[in-house]
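Where a number appears in this text, it was derived from the coordinates with a stated rule and is not lab data. On a predicted model such as this, the values are computed, not experimentally measured, just so you know. Methodologically, a virtual Cβ is constructed for each residue, glycine included, from the backbone with ideal geometry; neighbour enumeration extends over all protein chains shown.
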Amino acid sequence: MPNKNIPSPAQAAYLRSLHHHRQMVRLCRYALFFCFFFLWEIAADLGWIDAFIFSSPSRMFQAFCTLLENGLLLHHLSVTIAETVVGFLLGTILGTLFAILFWWNRFLSEVSEPYLVVLGALPKTALAPIIIVWIGNNVTSIITVALLTSLVVTIMTVLEGFQQVDEEQIKLIRVFGGTKRQILTKIVLPQNIPCIMNALKVNVGLSFVGVIVGEFLVAKAGLGYLITYGSQVFKMDWVLLSVILLAILAAIFYQGVVILEKLVTKRRNY
Amino acid sequence: MLSDNPMVSMEHISLSYHSPQGETKAVEDLSFSVKEGEFVSLVGPSGCGKSTLLSLLAGLMKPSQGTLSIHGKVGYMLQRDQLLPWRTIRQNALLGPEVSGKITQQDKDTVDHMLKKYDLWEFRDHYPAELSGGMRQRVALIRTLAIHPAVLLLDEPFSALDYQTRLSVSDDIGRIIRQEKKTALLVTHDISEAISLSDRVIVLSSRPAKVKQIFDICLTVPHHSVILAREAPEFPEYFNRIWKELNQDAQ
């Protein structure tokens, strides 16, 4: 048995090189980030690029401070966040409910399969203008567009997870005289929590797409509104700031789902 | 100890599967019975419909023809342990009572008693992934016994284990089943396992399954150890006869 406290020289060298490698990766990541913004700033300052069109980190920072002071930024941010959260939660919950329905009724699932495939492949953003005409120029439309972008994908992934449950596990409930409902609640759903979590991860991204497209069209508030408005009045600082804020938001949301997933699946060997 | 009441009886059972490719006869005119307290093994070539017989007995399928009867509740032990990874050991063991209605204090006492008796008490709040293959198999047996079955159906429960574990687990499980005085019907393709555990071994033909031969097993070592049973002087004789019976079929 190798002693765990005192690694052999070879092991120590290996650990050192591993550590070094990780440090290098981290260092390069930061370097890339700073170089990008630094070069952008320099290029704008020295007139290599037109700061009016391409903006610059310092101009974006100024826009950030102005918008923060007059409260507009928080307003637009919170609108986008709220729409996205509602969109992806609804998409995941409704998608899972539909998946349960199709799992329960095999006939229904077979009948709707070609429609699901076509709807899944259809770019849902094409439906956005229609939705807005039908539902109106309001937040409900935006949330509906966000919901539609994630709904079909959720149904298909979760249903596939449901259908892949081991027959022997289902037999386990059946030999105890269990009902179909018990098979669902005691085997199929808990078995598929990782699958639902994966759907949630995908839906975060999709929901942002739906919300931004919706805000482009509805144009009242939100980062999507800020982007269209900014580009129309040539406030490119606002546009680029909004895009960067969106990137940060998407990263935070994704991490949030990853943490949620860890909490839910902790200790269990899924 | 053995009474003559048949606990399980199958009379002229036939079963066919239907698929677009055609009809497959899985079982044809099969009859046998198991007495109270008896341990009977079904051996046969793989794919001969052994597991189908257990599904019939558990009431998961209906025979195309024939009658079958079972006196009392049936406990079914599945291939591999099938412990649910998101439940603790105790929650897994209580699955049967939970599914059939509500967990009573008595159910909890039964399960706790068995967990203590079979050295699993300290792992009651652990998850299955933290246990060895043998321990998991014991939990699976406790889960089956928790509903107080009169007859145990064992569907190759040791097939997923490696040889070493398999020996000790079948020894464990065999002893527990005899201690709890249960009637048991084991499906296996392992001849040694069948001889060492059983009072009787029923050899089945390849598909469609029919009874080819029944061997009464009488070993001159106490039946309570599967490992000792393999050293009994009669063991090789039984092994050869059953092996021949199985292989005749293949040729």
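On a 0 to 90° scale, report how tilted helix B:163-179 is relative to the longest principal axis of chain B, with both axes built from alpha carbons and the result rounded to the nearest 10.
80
Which percent, nearest 5, of DSSP beta bridges in the protein assembly as shown are antiparallel?
The answer is about 50 percent antiparallel.
Using 0.36 nm per residue of separation minus the Cα-Cα distance, give me the extension gain between A:Asp166 and A:Val258 in nm, one decimal.
Answer, rounded to one decimal: 30.5 nm.
Pulled fully out, how much extra length does the chain show between A:Ser17 and A:Ile81, if you take 0.36 nm times their separation in residues and subtract their Cα-Cα distance?
Stretched fully, the A:Ser17-A:Ile81 segment lengthens by 18.8 nm.
How much net charge surrounds A:Phe234 when only the other residues with a Cβ under 15 Å from the Cβ of A:Phe234 are counted, with Lys and Arg +1 and Asp and Glu -1?
Net charge around A:Phe234: 0.
What average number of partner chain Cβ atoms lie no more than 10 Å from the Cβ of the residues making up B:75-83?
Partner Cβ neighbours, averaged per residue: 3.
Relative contact order, percent, of chain A when contacts are C-alpha pairs under 8 Å separated by at least 6 residues?
Over chain A, the number comes to 24 percent.
How would you order B:18-24, B:166-172, B:39-45, B:77-83 from highest to lowest mean count of nearby Cβ atoms within 10 Å?
By packing density, highest mean first, the sequence is B:39-45, B:77-83, B:166-172, B:18-24.
Given a 10 angstrom Cα cut-off, can you work out which residue in A:Ala63, A:Ala219, A:Ala251 is the most mobile in a GNM of chain A?
A:Ala251
Evaluate the Debye formula for the protein assembly as shown with equal point scatterers sitting on the alpha carbons, no solvent, and hand back log10 of I(q)/I(0) at q = 0.09, 0.10 Å⁻¹, in q order, two decimals.
With no solvent term, the Cα-only Debye profile gives -0.84, -0.93.
Need one value for B:55-61: mean number of C-beta atoms belonging to other chains within 10 Å of its residues' C-beta atoms.
Whole-number average of other-chain Cβ neighbours for B:55-61 is 2.
Quick one: angle between helix B:105-117 and the longest Cα principal axis of chain B, in degrees between 0 and 90, rounded to 10, please.
On a 0 to 90 degree scale, this one is about 80.
Quick one: which residues, 5+ away or cross-chain, put their amide H under 5 Å from the amide H of B:Lys212? H built at 1.01 Å from N.
B:Val203, B:Leu204, B:Ser205
Residues of B:162-175, mean number of Cβ from any other protein chain within 10 Å of their own Cβ, rounded to a whole number?
0
Below 8 Å between Cα atoms, with a sequence gap of 6+, how large is the relative contact order for chain B in percent?
Rounded, it is 25 percent for chain B.
What nm value, rounded to one decimal, do you get for the distance between A:Ser58 and B:Gln79 when each label is placed 7 Å out toward the C-beta?
7.2
What does the charge add up to near A:Phe176, with Lys and Arg as +1, Asp and Glu as -1, over the other residues with Cβ less than 12 Å from its Cβ?
So the surrounding residues net to +4.
By the scheme Lys and Arg +1, Asp and Glu -1, what is the net charge of all other residues having a beta-carbon under 12 Å from that of B:Ile142?
Residues close to B:Ile142 contribute a combined charge of +1.
What is the distance in Å between the Cα centroid of the range A:203-238 and that of the range A:95-146?
So the two Cα centres are separated by 22 Å.
What is chain A by shape, rounded, prolate or oblate, if you read a ≥ b ≥ c off the alpha carbon gyration tensor as root eigenvalues and call it rounded for a/c under 1.5, prolate for a/b larger than b/c, and oblate otherwise?
oblate
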